[in-house]
1. At what distance in nm do the modelled label points of residue 19 and residue 58 sit from each other, each positioned 7 Å from its Cα along Cα→Cβ?
2. How would you rank 193-204, 56-67, highest first, on the average number of other Cβ atoms within 10 Å across their residues?
3. Starting from the 7 Å offset along Cα-to-Cβ, what nm value, one decimal, do you get for the label separation of residue 167 and residue 36?
4. Pop a pseudo-label 7 angstrom from the Cα along the beta-carbon direction at both residue 49 and residue 68 and give the gap in nm to one decimal.
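The numbers here are math on the coordinates, done by the rules we state, and not lab data. For clarity, every value in this text was computed on a predicted model and none was experimentally measured. Heads up, the Cβs are rebuilt from the backbone with ideal geometry, glycines too, and the neighbour counts pull from every protein chain shown.
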Amino acid sequence: MGVMSQKPPLVSVVIPARNEGREIELCLRSLEGQSFQDFEVIVVDNGSTDETEAIARRYGCRVIHEARPGVSFARQRGFEEARGELVVSTDADTTLPPGWLELIVRSFEESPDQVGVYGKIRLRERRGFGQWLAEFLFAAFLRLNHLLGKPHFCGPNFAVRREAFNRAGGFKDKDKENGREGDRFYSVSEDLQLSLKLVREGRIRFHKDLVVYTSPRKLQGGSLRYMWEHTKNYWAVTWLGRSR
């Protein structure tokens, strides 16, 4: 995992991280156990002050530093540095089943016109009914919106063809300000924004068997509150065309 060679790997896995010393080792350990092995891991250190970088290097990852704070900048930088034909996104607080990368690669091999794939996100451990309900509703939310033609990438579990990602402009938004075309990074929902742009480049698949397990810490402020905030962002971006 993460060993540099003359031949580029087929897959690049990008992990943005800021002070993830307590979480990232579980993620990297699960990547070591993948059945598919032709891949590199790029950890984008977004200003960590803990042992995040040291742990990543211990596992043989490429470590890239991104000074601009924010996951949009970090993920974009990692995708730009990727050498693989396929670029896979996950998060430092997420663990991956052994066949995760193999499912992703097979999905692209089966569909030459496919430019992206994404799947389900489950909690590593559920604490109470609220977290169970949030997980259930989010899975239904992803599936429904895919059926409506509005695919919804989520940072811990999606993959794209690198060429299609570059054609779509990555996680950047093109704005005309003062008569000039300028790059602006999405400040919220950068993964969702990307999927809505990428669907113009080809087919995006929702893979029901592509599952990852993430930390429930995002729900610490309340499971239903998290779902409400996420849904508001989704409707603003998807149906109202707002990028902030």
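1. 2.0
2. Values: 193-204: 19.4, 56-67: 17.1.
Final packing ranking: 193-204, 56-67.
3. For the pair residue 167/residue 36, the computed spacing is 2.0 nm.
4. 2.3
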